[in-house]
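**Q** This structure is in structure tokens; I'll ask about it shortly.
The values are calculated or read from the model by the stated rules, or taken from the named source; none is laboratory data. These numbers were taken from a predicted model, which means no experiment stands behind them. Ideal geometry is used to build each Cβ from the backbone, glycine not excepted, and the neighbour counts take in all protein chains shown.
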Amino acid sequence: MKISHRLNTLLLILLLLMLTQIMGVSTLHAMTTYYLDPDWTGTQNGTQAQPWNGVSVHWSAINTALASGDVTVYLSARDASTDTDDVLSENIQISNKTANPTGTLIIVGNRFYNTSDATPNWVAYTGASKGRVTGIIAQNGSHTKYSKVTIDGVHVVQTTGDKAISVCGDNWTVKNSEVEQGSGGLAPMFLIVPTADSAHEGSSAWCPASSNITIQNNKLHDSVGELIYVGAAGCSTVDTALSDTNCNGKPSHSNISILDNTIYNCGSWADQGDCIDMKAGLTNVTIRGNDISASRNSNNVRAIVTQGIQTDGTNQNYVIERNYIHDHPGIDDAAIALVNSWGTPNGITIRNNIIDTIVGGSAILTYDSQSLGVKIYNNTIYNADGFCITSQGGTYEIRNNACLSNNGGGTQTSMSGNVTSTNNASSSTFGGTCTSCVAGLTASAFTNVVGGDFRLPPGSVLTDAGMTLTQFAADYVGTLRPQGSAWDVGAYEFNVNSGDKVAPAVPTGLSVN
């Protein structure tokens, strides 16, 4: 009898779950689900049978549901008649949401679609189309954080003179989406709103310090200005100390992750279009596994640029790793630049990156003579017009880097300051003192540099030529170091067991620290 009673109870629970899913509302963990098809013209209650055709008039329902749990809004991924984006010509104004509700607002654009505009019928979708909107906007003049937002599989095409996405709040995730900006957009394209006010080169609609923001596995391209602009503290003038006299917006945002994105055509519609521009005073930042190129109308562009922090010993705790930065035809000063106009770089690690073909500048450049704790490890750098690595003073560790055919084949680095340089490899002269370094590096040390394949072939001079480091334990694709008797030099570790058969693709974001 007890077994029969339990079975009946389980069957009842399953039946209730099925019924609530059909109705578009799930009572499990107080989760609410709505559906949206912009082409539907009938009665709207957000269910599959009567979906919404927009968001703007339904914030009351969303906020009521968020008070008790998560809310998921499924945008129809494709048009009913053709496999193209289903287009909602609307900015989703996140500033209409409850600021910090119990639940998270989840907007999904690639999971389901409505097969009939006359008689709605929703089915699972696995194609390339996405629900499209013109913008997702949280920036606001009241300086209110709108927290707990996830954007998943949405196509944002901004042509109306606003940002494509603006983030102001804690616990944001934007993933699996495509974001682009037409010529009518407004720089920057993807904005984490500054904490500095407009008098300090921030924004009149600034945002309080926010945390836990993730931008992951997106296709981001074609911006008017900066493609990803992580606003933060700012100053009214050049101030390497980020002092209270000239600067504003401190402490700034923290726990920012930019992971596994494909980023290209940065600044394609205008100059000054850095691909990832990080402002002052940020802490706990990870930029990992991104494919970053700028292949159209790219002038005065940097792949990654970041400002510093106050000279009070605060560690920014930046890690820039496993990025493939390539084919930049009009670089400003460097592919990766640590600049000093606002604050002094402190506690930044650049490791396991591949930098390939940089026109007009160096690969890695640090400006400030007071830079502290900058670590440059195991990067492979090829064919930059400028130097492989440039430091203009400060304290650095430069270890296990491979520099090939940079600076027109001349001296590979230009370094000043308190520099510890060991186990690097270079074609021509390295530049400065280097202990246990490999000289006379040639293309034969790699599989195919012209084809962008920087894996190490058997017998490479870079194999087992590196120094053992304790700060991390894996290479560009996650292979553990060492595979032989010692670490290898450069971004790849030769895998003695598999012959290093891992394809030279964009890394997956696996982190082995």
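To keep it simple, each residue is scored yes or no on (1) modelled with pLDDT of 95 or more; (2) surrounded by 24 or more Cβ atoms within 10 Å (Cβ to Cβ); (3) within 25 Å of Val156 (Cα to Cα); (4) basic (Lys, Arg).
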{"site": "Cys235", "(1), (2), (3), (4)": "yes, yes, no, no"}
{"site": "Ile258", "(1), (2), (3), (4)": "yes, yes, yes, no"}
{"site": "Gly281", "(1), (2), (3), (4)": "yes, yes, no, no"}
{"site": "Ile287", "(1), (2), (3), (4)": "yes, yes, yes, no"}
{"site": "Val301", "(1), (2), (3), (4)": "no, yes, yes, no"}
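**Q** In region 322-348, how many are under 20 Å from the mean Cα position of the chain (by Cα) and small (Gly, Ala, Ser)?
**A** Of the residues in that region, 4 qualify.
**Q** Could you check region 189-205 and list, in sequence order, the residues that are over 11 Å from Val167 (Cα atoms) and either part of a helix (DSSP H, G or I) or in contact with a His (Cβ under 8 Å, 6 or more places away or on another chain) (or both)? Step through it out loud before you land on a result.
**A** Residues of region 189-205 over 11 Å from Val167 (Cα atoms): 189, 195-205.
Passing the criteria: Thr195, Ser198, Ala199, His200, Ala205.
**Q** Here's a follow-up. Name the strands (runs of 3 or more DSSP E) wholly within region 358-476 that hold at least 1 residues that are of a type in the set (S, T, N, Q) and under 24 Å from the mean Cα position of the chain (by Cα)?
**A** 362-366, 380-384
**Q** Shifting gears a bit: Filter region 181-213 down to residues that are at pLDDT below 95 and farther than 24 Å from Asn284 by Cβ and give me whichever is surrounded by the most Cβ atoms within 10 Å (Cβ to Cβ).
**A** For region 181-213, the residue satisfying everything is Gln181.
**Q** Which condition breaks for Ser26 when tested against (1) buried (at least 17 other Cβ atoms within 10 Å of the Cβ); (2) among the hydroxyl-bearing types (Ser, Thr, Tyr); (3) at pLDDT 95 or above?
**A** Going through (1) buried (at least 17 other Cβ atoms within 10 Å of the Cβ); (2) among the hydroxyl-bearing types (Ser, Thr, Tyr); (3) at pLDDT 95 or above one by one, Ser26 breaks only (3).
**Q** Could I ask something else about it? Considering (1) at pLDDT 95 or above; (2) among the hydroxyl-bearing types (Ser, Thr, Tyr); (3) within 19 Å of Gly466 (Cα to Cα), say which one Thr411 fails and leave the rest.
**A** (3)
**Q** Before we move on, is Gly131 out of contact with any His (no Cβ under 6 Å at 6 or more places or on another chain), over 25 Å from Asn261 (Cα atoms) and either among the small types (Gly, Ala, Ser) or modelled with pLDDT of 95 or more (or both)?
**A** No: the conditions fail for Gly131.
**Q** To continue, here is another question. Please go through region 273-288 and pick out each residue that is assigned to a loop (DSSP other than H, G, I, E, B) and either charged (D, E, K, R) or in contact (Cβ under 8 Å) with a residue 60 or more places away in the chain (or both).
**A** Of everything in region 273-288, those that are assigned to a loop (DSSP other than H, G, I, E, B) and either charged (D, E, K, R) or in contact (Cβ under 8 Å) with a residue 60 or more places away in the chain (or both) turn out to be Gly273, Asp274, Lys279, Gly281.
**Q** Turning to a different aspect of this structure: Search region 214-224 for residues being in a loop (DSSP other than H, G, I, E, B) and surrounded by 22 or more Cβ atoms within 10 Å (Cβ to Cβ), and hand back the single one that is modelled with the highest pLDDT.
**A** Asn218
**Q** Scanning for something in contact with a Leu (Cβ under 7 Å, 6 or more places away or on another chain) and surrounded by fewer than 22 Cβ atoms within 10 Å (Cβ to Cβ), does region 378-401 turn up at least one residue?
**A** Checked against the condition, which is being in contact with a Leu (Cβ under 7 Å, 6 or more places away or on another chain) and surrounded by fewer than 22 Cβ atoms within 10 Å (Cβ to Cβ), region 378-401 yields at least one hit.
**Q** Follow-up. Among the residues of region 319-327, is there at least one that is crowded, with 24+ Cβ neighbours inside 10 Å, in contact with a strand residue (DSSP E or B) (Cβ under 8 Å, 6 or more places away or on another chain), among the hydrophobic types (A, V, I, L, M, F, W, C) and within 14 Å of Asn383 (Cα to Cα)?
**A** yes
**Q** Is at least one residue of region 338-358 more than 23 Å from Lys219 (Cα to Cα) and of a type in the set (Phe, Trp, Tyr)?
**A** Checking region 338-358: at least one residue is more than 23 Å from Lys219 (Cα to Cα) and of a type in the set (Phe, Trp, Tyr).
**Q** Oh, and also: Can you tell me which of (1) modelled with pLDDT of 95 or more; (2) over 19 Å from Ile107 (Cβ atoms); (3) β-branched (Val, Ile, Thr); (4) outside any loop (DSSP other than H, G, I, E, B) is the one Ile13 doesn't meet?
**A** (1)
**Q** Are there strands (runs of 3 or more DSSP E) fully within region 127-175 with at least 3 residues that are over 21 Å from Gly289 (Cβ atoms)? List them.
**A** 131-133, 135-137, 154-158
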